[in-house]
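The values are calculated or read from the model by the stated rules, or taken from the named source; none is laboratory data. Bear in mind the structure is a predicted one, so any value in this text is a computation, not a measurement. Note that each Cβ is placed from the backbone with ideal geometry, even for glycine, and that neighbours are counted across all protein chains shown. SASA here: full protein model, heavy atoms, side chains in, ligands and nucleic acids out. Shrake-Rupley method; radii C 1.70, N 1.55, O 1.52, S 1.80 Å.
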Amino acid sequence: MKKLIKNLSIPESSGKKIGLFRTICAIFGGLLVAYLSMTLLIFLIPASVGESIIIPLLLNTFVWAVCALWISLSSTKLNALLKVIVPSSIFSILIIILYNI
């Protein structure tokens, strides 16, 4: 496990290449974080579900692009992975809490 963490925490040798791992994390992780944040936004807007879904639908592509850019600019693979896992788990926990209330 330590060897895996050490391997993931090594920065890229060249700043010109993003790398396949960070690209995949940026695309799918950005999509996951964007959808979870938009789902949380539906719960937080004080209107019916039909009315409050318009804003997240319009903002989803923008949030996905911003999240993907934020993840892809990570200096290491471990940072990219953490930028996917931490917000996803926070949004998931908040959605579960708000859904059960």
Can you tell me which residue within region 8-36, out of those that are touching a residue at least 12 places away in the same chain (Cβ under 8 Å) and more than 23 Å from Ser89 (Cα to Cα), is least open to solvent (accessible area, probe 1.4 Å)? Gly19
Among the residues of region 80-101 satisfying the criterion of being of a type outside the set (Val, Ile, Thr) and more than 19 Å from Val63 (Cα to Cα), which is most open to solvent (accessible area, probe 1.4 Å)? Tyr99
Quick check on my filter: what residues within region 37-96 are in contact with a helix residue (DSSP H, G or I) (Cβ under 6 Å, 6 or more places away or on another chain), free of Cβ contacts under 8 Å to residues at least 24 places away in the same chain and in a helix (DSSP H, G or I)? Leu41, Ile42, Ser52, Pro56
Residue tally, condition of a type outside the set (S, T, N, Q) and under 30 Å from Leu8 (Cβ atoms), over region 41-75: 11
Please go through region 50-72 and give me each residue that is of a type in the set (Val, Ile, Thr), open to solvent by 80 Å² or more (accessible area, probe 1.4 Å) and under 11 Å from the mean Cα position of the chain (by Cα), ordered by number. none
